[in-house]
1. Please go through segment 83-97 and give me each residue that is at pLDDT below 95 and under 17 Å from ARG135 (Cβ atoms), ordered by number.
2. State all residues of segment 110-126 that are at pLDDT below 85 and in contact with a strand residue (DSSP E or B) (Cβ under 9 Å, 6 or more places away or on another chain); if no residue qualifies, say none.
3. Could you tell me whether any residue of segment 3-23 is surrounded by fewer than 15 Cβ atoms within 10 Å (Cβ to Cβ), at pLDDT 90 or above and under 23 Å from the mean Cα position of the chain (by Cα)?
4. Go over the candidates ALA85, ALA32 one by one and state the one that is of a type in the set (A, V, I, L, M) and either touching a Leu at 6+ places or on another chain (Cβ under 8 Å) or surrounded by 15 or more Cβ atoms within 10 Å (Cβ to Cβ) (or both).
5. Of ASP59, ASP80, which residue is modelled with pLDDT of 95 or more, farther than 21 Å from SER129 by Cα and either surrounded by fewer than 10 Cβ atoms within 10 Å (Cβ to Cβ) or under 12 Å from the mean Cα position of the chain (by Cα) (or both)?
6. Quick one: which strands (runs of 3 or more DSSP E) sit completely within segment 42-137 and have at least 1 residues that are in contact (Cβ under 8 Å) with a residue 40 or more places away in the chain and over 28 Å from ALA32 (Cβ atoms)?
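The values are calculated or read from the model by the stated rules, or taken from the named source; none is laboratory data. All values reported here derive from a predicted model rather than from experimental measurement. Here the Cβ positions follow ideal geometry from the backbone for every residue, glycine too, while neighbour counts run over all protein chains shown.
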Amino acid sequence: MASTTAKTAAPEFVEGADPTESPEGWQWDTVAEGAAIKVIFEEIGDEFIGLKLGKKHIDREPSANGQDQSFDLWEFRGRDGDLYAINNSYALEEALEDVPDGMWCRIIYVRDVVTAKSKSNDKYNDMKSYKVDVRRN
């Protein structure tokens, strides 16, 4: 007669268990990775390459004067596997809105564009212009 050894599942609660150790056989699915690494284009020629994950809307409370402070981010997975985010802008919206999620993108900061707002008010910066490439398959 053949004998079998039945495996018993690790109990979920054990008095005195170490809360930093995972019981043998438990498996995990990631549901949140934490904050993304913010990509900042400072110098003309700065470049970023990442797998486009999509656009994420961040809801924030209105400011004291009632102005909406919500904003959008483009999320990417870098070649290192980390999560990255780039603040949305008119130029990036135009370039990325029709690029399907799951495409590798190369974003290059190519120039500053003077706008009526930046010309008339020291508070505003010139608009950054980007070249956006997608990887050929």
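1. Hit for segment 83-97 is ALA95, nothing else.
2. Let us first name the residues in segment 110-126 that are at pLDDT below 85, namely 114-126.
Once the filter is applied, which keeps residues that are at pLDDT below 85 and in contact with a strand residue (DSSP E or B) (Cβ under 9 Å, 6 or more places away or on another chain), segment 110-126 yields VAL114, THR115, LYS117, SER118, ASN125, ASP126.
3. No, the conditions are met nowhere in segment 3-23.
4. Values: ALA32 fails: either touching a Leu at 6+ places or on another chain (Cβ under 8 Å) or surrounded by 15 or more Cβ atoms within 10 Å (Cβ to Cβ) (or both).
Every option except ALA85 fails the conditions.
5. On the way: ASP59 fails: modelled with pLDDT of 95 or more.
Exactly one residue qualifies, and that residue is ASP80.
6. Values: elements: 47-58, 71-78, 83-87, 104-113, 127-134.
Once the strands (runs of 3 or more DSSP E) in segment 42-137 are filtered for at least 1 residues that are in contact (Cβ under 8 Å) with a residue 40 or more places away in the chain and over 28 Å from ALA32 (Cβ atoms), what remains is 47-58, 104-113, 127-134.
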